[in-house]
Amino acid sequence: ACGSNPSNGGATEGKGNGGATELKKVSIMLDWYPNAVHSILYAGIDQGYFEEKGLELDIKIPADTTDPLKMVATGDVDFAMNYQPQVVMARAENIPVVGVAPIVRHPLNWLMAPEDSDVESPKDLEGKTIGYPAIPMNEALVKTIIETDGGDSSKVNLVDVNWDLMPAITSGNADAISGGYINHEQVLLKKNGHPVRAFNPVEYGVPDYHELMLVTSEKLAEEQADLVKDFVEVMTKGFEYVQANADEALDKLLERQDASFPLEKDVEEESLSVLLPLMTSNGEAKFGSQSVESWAAVIDWMKEQELIEVDVDADACFIKL
Amino acid sequence: MKNSRLLLIITVAFGLAWEGIVRLLNVPVFILPPPSRIFAALGKHWELLLFTHLPVTLWEVILGLFLSIVIAVGAAMLIHFSEIGERVLYPIVIASQTIPIVALSPILIMWFGYSIWGKVAVTILITFFPIVVGGVDGLRATNQEWVNLMKTMGANSRQIFFKVQIPQALPAFFSGLKVAATASVIGATIGEWLGASAGLGFFSRRASHNLQADLLFATVFLLSIAGFVLFYTIQWIEKKSIPWFYEEKK
Amino acid sequence: MKNSRLLLIITVAFGLAWEGIVRLLNVPVFILPPPSRIFAALGKHWELLLFTHLPVTLWEVILGLFLSIVIAVGAAMLIHFSEIGERVLYPIVIASQTIPIVALSPILIMWFGYSIWGKVAVTILITFFPIVVGGVDGLRATNQEWVNLMKTMGANSRQIFFKVQIPQALPAFFSGLKVAATASVIGATIGEWLGASAGLGFFSRRASHNLQADLLFATVFLLSIAGFVLFYTIQWIEKKSIPWFYEEKK
Amino acid sequence: MATLLKFDNISFTYDSERERTTILSQHDCEIKENEFVSLVGLSGCGKSTVVKLMAGLYQPTSGEIEFNGGANERLGHVSLMPQQDMLMPWRTITENAALPLEIQGVRIKEAEQQVHEYLPSFGLEGVAQAFPDQLSGGMRQRVSFLRAMLGGHHLLLLDEPFSALDAFTRREMQLWLTDTWQEWGRSIFLITHDIEEAIFLSDRIFIMEKGQTGPFQEIVVPFERPRPNNLHLTKEFIELRSKITELLFKKETNEK
Amino acid sequence: MATLLKFDNISFTYDSERERTTILSQHDCEIKENEFVSLVGLSGCGKSTVVKLMAGLYQPTSGEIEFNGGANERLGHVSLMPQQDMLMPWRTITENAALPLEIQGVRIKEAEQQVHEYLPSFGLEGVAQAFPDQLSGGMRQRVSFLRAMLGGHHLLLLDEPFSALDAFTRREMQLWLTDTWQEWGRSIFLITHDIEEAIFLSDRIFIMEKGQTGPFQEIVVPFERPRPNNLHLTKEFIELRSKITELLFKKETNEK
Ligand SMILES: Nc1ncnc2c1ncn2[C@@H]1O[C@H](COP(=O)(O)OP(=O)(O)OP(=O)(O)O)[C@@H](O)[C@H]1O
Ligand SMILES: Nc1ncnc2c1ncn2[C@@H]1O[C@H](COP(=O)(O)OP(=O)(O)OP(=O)(O)O)[C@@H](O)[C@H]1O
Ligand SMILES: [Mg+2]
Ligand SMILES: [Mg+2]
């Protein structure tokens, strides 16, 4: 597979103030449209970190959240942003992708119920309806959380609501949702007058998986180890910049996005403030680092939940930089 | 007889070509699985697919298509026979076709919750337009000379409608219906994305999220079969109901 | 004149009723915003919507619809004129309408990357079927007596096609085209989900994800306008090209 | 006899984009109850237009049409056999012929029963269940004729009902029509281009010219009924035929 | 004269779901070059079917049709005027009539030019740009007739070309046809139900019966050409007419 596709213009980023040196194009497919979490990439571009490494970043948007892994595996894009359990799932399906570096180190996908409901604790959801986006991973999350809390998960009615997590809960058709992010859905629901209570899966028996990580293909990891290293370095610098200059970085992102879609500043601000602490692990592990234990824990849990049927080698799931 | 053998041969040839190309070009299984994989997946999960999910979707399709016909025929009549219908209802009907379901889904959920009616509503929304256009254009095709003849016989509008306009509108109506029938399958599939816990649409999303392209395409295969059956059933009914339109003159 | 005034009055009445109901029933703004909010959003972002996103989508729509017509007419001819076309191509065409776009998205991205062609491909996929059905049924409508007459004059198949079959196929073809034109808007919208950085589909999807229903409906409003314009343009062309079909006998 | 239909100072003009064609101006005529009137005229002079006016399908540009003593509604009270057969391809011969009965609310079974009784006289017994495109031109015309006859109204408008028939079949149909007319007591208004037919059948003959202004030229047929089969060999008949032919042709010659 | 078209032991049967209708069996006939032949027969006996066989639209169930000395391809070499006018509603009168020229590759402008030259003889000058549904029945028939004439092939098949015309217009068309026929030197095969027309125009007259077995009964018309206008008043003419009428009618009576 050959590097990146020629871009459709708009997404190609680069400072390009007369740089005579040929920049190497590198492409990444985001997990979703640009938002606060991606400010670290934009900071990398705006502050010239990519250019310093002789790189020019081409940012692509997926049609579906499962597309990034497929496209990275086929080599149509160089990198992708996706979820750690999804990487495990992919490997179980023989899709040759590997985790490069965690970006958000902890789950964002919390179980949420309206604040004014009688769901005080996950086990209260027995006999109730939970909306989720038909991702089997979420079924496992719900099951683990409720059972760990002492409830009977078989008494919960799970409904695939695909696009409409938020309307599911505001319209009262679901008593809780799984699949919502604390940095997005929770923030938006609060803003629109429907505050929710969120239950952290880690506190209810789910391994502390990386919600968002940088992923690449086995092939690229092997053949272009330098590129991978450079990319992580740039991302780390971008992260550090954002950590130090959150307001500025966010303004830059909003400014960029204004040309195509006006993001709401307050939402993204709140989102970033939720995210930043989760991108490092209380200082004990530095940005981007990962461990085989984390992968093993996730794999074990997924196996136990029958999310995967085959054995997945934890060591092969990620690359050590 | 000969034709169905030809069809069989070509289907098999098509399947083999697909298998060959996918294998030769090394198209990754997770992007486009070869038929062998799809059938393997189908073989493994056929009970689940055929007895749990297919009936759910089929029921949505049939209910949706049936109501769609009723509503569309009503709308076509209003549009054809009343000025207000043409000036007001037609634009609204057209507008309804330009709204992405995403925009409507919260409203549909508010109204219908996660009952079957939400899915049926989406199916109707996606299928009724071709029938309306077919119906309106079919009614427009009325030969005025026959209407005049009927009038001299003292026919009232109801009689003119049933004995002259309907027979002449049927060919266009059936064209629309065939498009609608085929679309109804995808309509129910999309409808299930509003909120479902069973059905081929639901299942296909799960398969997709699990990166199980073979299962996804096994589902698509069933959806296609359903689409065929619907299309050719309608075409068969069409040939039976308007033989004068099909009869090849010697 | 009188009619357009009527239309205006009813549109306004409709808008007011909507506004009233939404406010009275306290429908949450993020589910169904009242027209006032929609127009406010439109007013605030009109430059972005009209000059950045609308042209992108329109271009996809026009290109897609144009290619769709070309492909569909070709397919309809193959299906009508050749046994193989009817037995093999038609089923494939029907099957193509039962596949959720999600299943195809990786394939489309692999083939077309993020260029406009991926979006055009989706538009074609969504619009060409009604034209094919309209074309096939239109060609089927050929009155054999005229064909015979042409044959006695020594006409070759090309002449019979252009002078007898096309004129008779046009009404059904236009019915299909009107459905296709309306669907093309949504086709481009869905196409943009393949990964776009501009266009009304891109914009609406983000608005929906961010719960900005007013922006979402402002986009839908523009999409609807585009749908109207397309539909009524085709209808106008239709009336001009097949006057004998519309002419009301005195 | 009382007047059944009366044209009072009628004008009629076709107003197409292309041009205006005036068919009638300041025209009067009337048909009495129980009368048999024929209309002859050159092709394209406007005969079919006149019957459509009589049937109520067109409205006169000016003037009044009185029907049935002031009850001016003619649609539904006058049977029309149009010049083109206008059979519906989706109905069998029986169903086509039964249409007016169906519309009057006769039960389908009974209506078809009635049709079947007439089919033999029309030479159509073999094709009761056939569709129109399986019939010969003359057979189609006879179906159309039967359909009009079954309308059962007081005024029957026949627009060239026998033009596609050979002499023999035509004669049979004419005889059948005369018998039926006398039996049922209706008024018949017949358009024909066969002058012998007009004389043989009618009480009065109207002669129409292109752009007819004022009333039609009118010939009263002096022969008693029942008229013998060999009437056309009599001197009076031949003279009358010559006279009408002359009237028709001279008009044309004058115009030129 | 050489033979232009020859039926050699032809049989033809319609095979519909409803029933089998045999039109011809073991039938022979021929049309010579430059000959004018008419076919008469009762309505529904199969005349239109015969011309469709001649035109090459139907294939005989058995037997051979020879055309133009063995060149058996008839489609495209024989002009047919069908019984129903078959005008195309989307074409103007001029465009309808110009159709055969267009098909022969004549440039549209030129084709329409040619049509316009003929329109006055056909009484159609005023309606060159009209559409068929704005015409009277007889006018439509004349357009269809002109269209067939412009086909320009050696054999012209006319299926009741004048049935919708009044005596005057019919006479004009007959004279025009005779003139043109002599000038252009084609063969004409005419179906008509007007025996006088058949005698006046033809060299030979075929009489067809229902379920025709073997060759047609044939009458050679003994009158010299050009035939005078008052031919129908001569004794020979009247005798011939009676003879044909008798043949036609007697057949019918025998059958019954
Ligand atoms: N397409 C068809 N299918 C079956 N039967 C047919 C078909 N066309 C004609 N016939 C039958 O063949 C017979 C002869 O028909 P044809 O049209 O040749 O008669 P014709 O001599 O031209 O009569 P006319 O003078 O009334 O036009 C009729 O009995 C008719 O019912
Ligand atoms: N719908 C129409 N629009 C415009 N002009 C028309 C229309 N119908 C008929 N005409 C014109 O009116 C004139 C008379 O037509 P009409 O059909 O009444 O004649 P007709 O006497 O019945 O002739 P024929 O004996 O040939 O049937 C013709 O010149 C025709 O062109
Ligand atoms: Mg007429
Ligand atoms: Mg015939």
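The values are calculated or read from the model by the stated rules, or taken from the named source; none is laboratory data. Predicted model, so just to flag it, every value in this text is computed and none were measured. As a convention, Cβ positions derive from the backbone with ideal geometry for all residues, glycine included, and neighbour counts pool all protein chains shown. Ligands, DNA and RNA are excluded from the accessible area calculation, which covers all protein heavy atoms including side chains. Shrake-Rupley method; radii C 1.70, N 1.55, O 1.52, S 1.80 Å.
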Exercise for the section: Tell me which residues come under 5 Å, amide H to amide H, from A:L55 once H is placed; ignore anything under 5 positions away on its chain. Expected result: A:K24
Exercise for the section: May I ask for the distance between the Cα centers of segment B:162-185 and segment B:45-72, given as a whole number of Å? Expected result: 21
Completion exercise
Given a Förster distance of 41 Å, the FRET efficiency implied by the Cβ-Cβ spacing of C:F162 and B:A17, rounded to the nearest 0.05, works out to 0.75
Completion exercise
Rounded to the nearest 5, the percent of DSSP beta bridges in chain A running antiparallel is 55
Problem - J(HN,Hα) series, segment D:158-170, from Karplus relation 6.51 cos²θ - 1.76 cosθ + 1.60, nearest Hz, glycine and proline x - result: 10, 9, 6, x, 10, 5, 9, 9, 6, 4, 5, 4, 4
Practice task
State the residue of chain D whose Cβ is nearest the axis carrying D onto E, and the distance in whole angstrom.
Solution key: D:S163, 2
Exercise for the section: Could you pull out every residue, at least 5 positions away or on a different chain, whose amide H is within less than 5 Å of the one on E:Q83? Hs are placed 1.01 Å off N in the peptide plane, and Pro or chain starts have none. Expected result: none
Handout entry: For chain A: relative contact order, % (alpha-carbon pairs under 8 angstrom, 6 or more apart)
Key = 25
Handout entry: Longest exposed-site-free window of chain D, the sites being GluC sites (Glu not before Pro) in a DSSP loop that have at most 10 other C-beta atoms within 10 Å
Key = D:18-223
Handout entry: Where chain E is the region considered: accessible area per residue in Å², 1.4 Å probe
Key = 41
Handout entry: Helix axis angle, D:137-149 relative to chain D longest principal axis, alpha carbon, degrees
Key = 90
Exercise for the section: Would you grab the residues whose amide H sits under 5 Å from the one on D:Y58? Only those 5+ places off in sequence or on another chain, please, with H modelled 1.01 Å from N. Expected result: D:L53
Problem - trypsin sites (Lys or Arg not before Pro) lying in DSSP loop within segment D:4-71, provided at most 15 other Cβ fall within 10 Å - result: D:R18
Fill in the blank from the handout: In whole angstrom, the spacing between the Cα centers of segment D:1-75 and segment B:135-154 equals 23
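Per residue of C:19-29, what is the mean number of Cβ atoms on other protein chains within 10 angstrom of that residue's Cβ?
Details: counts 0, 0, 0, 0, 0, 0, 0, 0, 2, 8, 2.
Per-residue shielding by partner chains comes out at 1.
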Problem - Burial of 10 Å² or greater, segment A:86-101 residues [accessible area, probe 1.4 Å, versus chain by itself] - result: A:Q86, A:M89, A:E93, A:I95
Problem - Residues of segment C:168-193 buried by at least 50 Å² on assembly (accessible area, 1.4 Å probe, chain alone as reference) - result: C:V179, C:T182, C:I186, C:W193
Problem - Relative contact order [Cα under 8 Å, 6+ residues apart], segment B:38-249, whole percent - result: 28
Practice task
Given the options E:R142, E:R227, E:R241, state which has the largest fluctuation in a GNM of chain E using a 10 Å cut-off (strictly under) for Cα springs.
Solution key: E:R227
Exercise for the section: List every DSSP H helix in chain B whose Cα atoms extend 30 Å or more along the helix's own long axis and whose mean Kyte-Doolittle hydropathy is at least -0.5. Expected result: B:2-24, B:54-81, B:116-140, B:166-192, B:213-241
Completion exercise
Relative to chain E, whose Cα atoms define the longest principal axis, helix E:235-255 and its Cα axis are tilted in degrees, nearest 10, by 60
Fill in the blank from the handout: Whole-percent carbon and sulfur contribution to the accessible surface of the protein assembly as shown (1.4 Å, no ligands, DNA or RNA) stands at 56
Exercise for the section: List the relative contact order of chain D as a percent without decimals, with contacts defined as Cα pairs under 8 Å and 6+ residues apart. Expected result: 26
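At a probe of 1.4 Å, how much accessible area disappears from chains C and A on forming the pair, both sides counted, to the nearest 100 Å²? Let's see the in-between values first.
Details: alone 15070 and 14420 Å², together 26690 Å².
Counting both chains, the buried surface is close to 2800 Å².
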Handout entry: For segment A:37-47, 3J(HN,Hα) per residue [Karplus equation, 6.51 cos²θ - 1.76 cosθ + 1.60, θ = phi - 60°, Hz, x = Gly/Pro]
Key = 5, 7, 4, 5, 6, 5, 4, x, 6, 5, 8
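Calculate, for segment C:38-249, the solvent-accessible area per residue in square angstrom, rolling a 1.4 angstrom probe over the heavy atoms of the protein chains. Before the final figure, lay out each step's value.
Values: 7170 Å² over 212 residues.
With all protein chains present, segment C:38-249 gives 34 Å² per residue.
With a 1.4 Å probe, how much accessible area is buried between chains E and C, both sides summed, in Å² to the nearest hundred? If you can, show how the numbers build up before the last one.
Numbers: alone 12760 and 15070 Å², together 25990 Å².
Using a 1.4 Å probe, the pair buries roughly 1800 Å².
Solvent-accessible area per residue for segment A:51-186 at a 1.4 Å probe radius, Å²?
Details: 3420 Å² over 136 residues.
Value for segment A:51-186: 25 Å² per residue.
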Problem - Average beta-carbon neighbours from other chains, 10 Å sphere, peptide C:56-66 - result: 0
Problem - Peptide E:75-82, shielding by other chains (average Cβ, 10 Å cutoff) - result: 4
Practice task
Quick one, can you get me the convex hull of the C-alpha atoms of the protein assembly as shown expressed as volume per residue in Å³?
Solution key: 205
Practice task
Please work out the C-alpha center-to-center distance from segment A:295-309 to segment E:152-205 and express it in whole Å.
Solution key: 94
Fill in the blank from the handout: Asked for the total accessible area buried by B and C (1.4 Å probe, Å², nearest 100), one would answer 5400
Practice task
Specify the residue with the greatest mean-square fluctuation among C:I99, C:I71, C:I126, computed from a Gaussian network of chain C linking alpha-carbon atoms under 10 Å apart.
Solution key: C:I99
Practice task
Any chance you could give the angle, 0 to 90 degrees and rounded to 10, that helix A:225-244 forms with the longest Cα principal axis of chain A?
Solution key: 70
Problem - Residues in segment A:119-142 occluded by at least 40 Å² - accessible area, probe radius 1.4 Å, against chain by itself - result: A:A134, A:P136
Exercise for the section: Output, in nm with one decimal and in ascending order, the distances from the D:L233 label point to the matching label points of the other copies (7 Å from Cα along Cα-to-Cβ). Expected result: 2.1
Handout entry: Under the Karplus curve 6.51 cos²θ - 1.76 cosθ + 1.60, θ = phi - 60°, whole-Hz ³J(HN,Hα) for segment A:22-36, x wherever Gly or Pro sits
Key = 5, 8, 7, 6, 9, 10, 9, 9, 6, 6, 6, 4, x, 8, 3
Problem - Value at 222 nm in deg cm²/dmol, rounded to 500, when DSSP H runs of n ≥ 4 in the protein assembly as shown each add -39,500 (n - 2.57) - result: -16500 deg cm²/dmol
